[in-house]
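This report concerns only the one structure given below.
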Amino acid sequence: QVQLVESGGGSVQPGGSLRLSCAASGTIFSVGVMGWYRQTPGKERELVATISSGGSTNYADSVKGRFTISRDNAKNTLYLQMNGLKPEDSAVYYCNFGAATTAEGWWDHVWGQGTQVTVSS
């Protein structure tokens with residue numbers, strides 16, 4: 001059973017930085033798309049950034065220039081470097097693996113449990 005576990009969240013002051021990680025367990029051969037999403041109370045989960053197997057990235061307008069998504073294919077690990085954090089970035093951040101081939105077959109929309117990011121003075 002493939003599982004994703006996020007880590008690296010915490011509380012920081014505005015302008016601070018955090019680096020989130022998403023580690024996968026299980027046997028994974030490839031992942032077509034990896035992404036980060038976030039959700040705040042009363043709002044729908046929203047896309048933050050994605051990265052394809054070829055390295056193409058896509059960012060929400062609200063985080064462009066501040067966040068950087070990357071992946072380590074050898075470790076099947078996803079990262080999100082967050083700089084210049086703002087209070088509006090506060091949310092639970094979730095990682096997602098899409099179009100993944102594993103020892104158990106093809107998987108899509110595999111979610112982690114989430115990690116809390118709080119930005120406040």
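Label points 7 Å out from Cα along the Cβ direction at N83 and S121: separation in nm?
Here the modelled spin labels are 2.4 nm apart.
Between R66 and S53, what length comes free when the chain is fully extended (0.36 nm per residue of separation minus the Cα-Cα distance, one decimal in nm)?
2.5 nm
How high is the relative contact order of segment 3-121, in percent, with contacts defined as C-alpha pairs under 8 Å that are six or more residues apart?
Relative contact order here is 37 percent.
Quick check: at a probe of 1.4 Å, how many percent of the accessible area of the chain sits on carbon and sulfur atoms?
49 percent
Please check: in the Gaussian network model of the chain (C-alpha springs, under 10 Å), which one of G16, G35, G105 has the largest mean-square fluctuation.
For the chain, modelled as a Gaussian network with Cα springs under 10 Å, the answer is G105.
The values are calculated or read from the model by the stated rules, or taken from the named source; none is laboratory data. Only a predicted model underlies this, so the values are computations on that prediction, with no experimental measurement involved. Backbone-built Cβ (ideal geometry, glycine too); neighbour counts: all protein chains shown. These accessible areas exclude ligands, DNA and RNA; they are computed on the full protein's heavy atoms, side chains included. Shrake-Rupley method; radii C 1.70, N 1.55, O 1.52, S 1.80 Å.
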